[in-house]
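First comes the structure, then the notes that go with it.
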Amino acid sequence: MRNYKIPTLTIAGSDSSGGAGIQADLKTFSAIGTYGMSVITAITAQNTQGVFDVEELSQNIIKKQIEVVFEDIKPKSTKIGMVSSPEIILEISNTLKKYDVENLVVDPVMISKSGYSLLKPEAKAKLIKYLIPMAYIVTPNVPEAEEITGIKINTVEDMKIAGIKILSMGPKYVLMKGGHLEGDAIDLLIGEETFEIFKSKRLNRKNTHGTGCTISSAIASHLALGYNIKDSVKLSKEYITSAIENSFDIGHGVGPVHHFYKLDEKNTKGEEKQLILAE
Ligand SMILES: Nc1ncnc2c1ncn2[C@@H]1O[C@H](COP(=O)(O)OP(=O)(O)OP(=O)(O)O)[C@@H](O)[C@H]1O
Ligand SMILES: Cc1ncc(CO)c(N)n1
């Protein structure tokens, strides 16, 4: 069920090479079929080989971007990615509080795949205090969950324990992503009365730039389209799995995942009725 008129917002950093950050988010929104909007928090000079420099945008322009978007086109879901500094986190949190923010997905981005710190160490406490409690769902990977909770994670059981601790910090749901562990790629959806396991085979691919940004944007898109949390995570897990399966070599380092929706394949075989466009 796509609807190209359903607005979805990403608040995140720009990745000049197009594999992660704002660019991955907007590609995901389009592939899943929502209307993508963006508030840029920082600009990274980044390619498939690493992050080479970062410039944060001013608090003023971040606030203004959020205000003009919410006052004109109210998003059906909002995803937060790279937020960089304590000041930027406070600005985003204070500005969002003025609006009725639906379906807030917080991806607690900390360190890029190439090892560059995208969140200043002194900003971690602010992320925990201000953004995590506002979230409908938080989507940490293993190292991020370890940073947030102080719990060392080696097994799926550890993921569950850390996920429950993050849940106690105030979000409605936590998706603990197991991409960094060995074996099958197992993610856990944890809520007050929810515990679901989403499992896929580990794909032996080197091109996984932007996987975290992509799954959180996919969840935001599906929530905006009206799917419940379990279906949103299920469909997003399917989306990221095919995106990784079809990831490709471009550039000289860790290439990007491929954005396309499985329905597109079906549609070429004549099942156009699945593509629901807004009137
Ligand atoms: N090799 C793989 N094969 C299959 N699925 C994977 C693989 N690596 C990651 N995933 C899945 O991709 C999604 C993103 O997980 P991951 O833990 O890699 O996020 P991330 O570390 O936040 O990504 P990033 O490094 O881009 O920030 C999860 O659903 C995870 O299970
Ligand atoms: C801008 C940006 N956001 C998030 C990530 C994810 O690691 C990245 N590499 N770059």
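List of remarks:
- Charge sum, other residues only, whose C-beta stays under 10 Å from T8's C-beta, Lys/Arg counted +1 and Asp/Glu -1: +1
- Annotation: amide H of Y35 within the under-5 Å range of I6, T8, sequence separation 5 or more or interchain, hydrogens built in the peptide plane.
- Taking region 7-245 and dividing mean pair separation by its residue count, relative contact order in percent (alpha carbons under 8 Å, at least six apart): 18 percent
- Global form of region 1-100, assessed from the alpha-carbon gyration tensor, a/c cut-off 1.5: oblate
- Here the Karplus relation 6.51 cos²θ - 1.76 cosθ + 1.60, evaluated at θ = phi - 60°, turns the backbone of region 182-193 into coupling constants of 9, x, 3, 7, 10, 10, 10, 9, 10, x, 3, 10 Hz, with x for every Gly and Pro.
- Cα centroid of region 166-215 to Cα centroid of region 67-82, whole Å: 24 Å
- Protein heavy-atom surface of region 7-245, 1.4 angstrom probe: 51% of the accessible area is carbon and sulfur, with nucleic acids and ligands not counted.
- For V54, the amide hydrogen comes within under 5 Å of the amide hydrogens of A45, counting only partners 5 or more places away or on other chains and with H modelled in the peptide plane.
- Note that the chain presents 45 Å² accessible area per residue, ligands and nucleic acids not counted, probe 1.4 Å.
- Shown here: region 107-185, whose C-alpha atoms stretch 34, 29, 19 Å along the first, second and third principal axes, sorted largest to smallest.
- Within the chain, all pairs of alpha-carbon atoms sorted by distance into 5 Å bins from zero give the percentages 1, 6, 13, 18, 21, 18, 14, 6, 2, 1, 0.
- Partners of K201 within straight-line reach, counting lysines whose Cα lies under 26 Å from its Cα and excluding those fewer than 8 residues away in the same chain: K27, K113, K152, K160, K177, K230, K234, K237, K262, K266.
The values are calculated or read from the model by the stated rules, or taken from the named source; none is laboratory data. Please read these numbers as outputs of a predicted model, since none were measured by experiment. Reconstructed Cβ throughout: ideal geometry from the backbone, glycine too, with neighbour counts over all protein chains shown. With ligands, DNA and RNA removed, areas are computed over all heavy atoms of the protein, side chains included. Shrake-Rupley method; radii C 1.70, N 1.55, O 1.52, S 1.80 Å.
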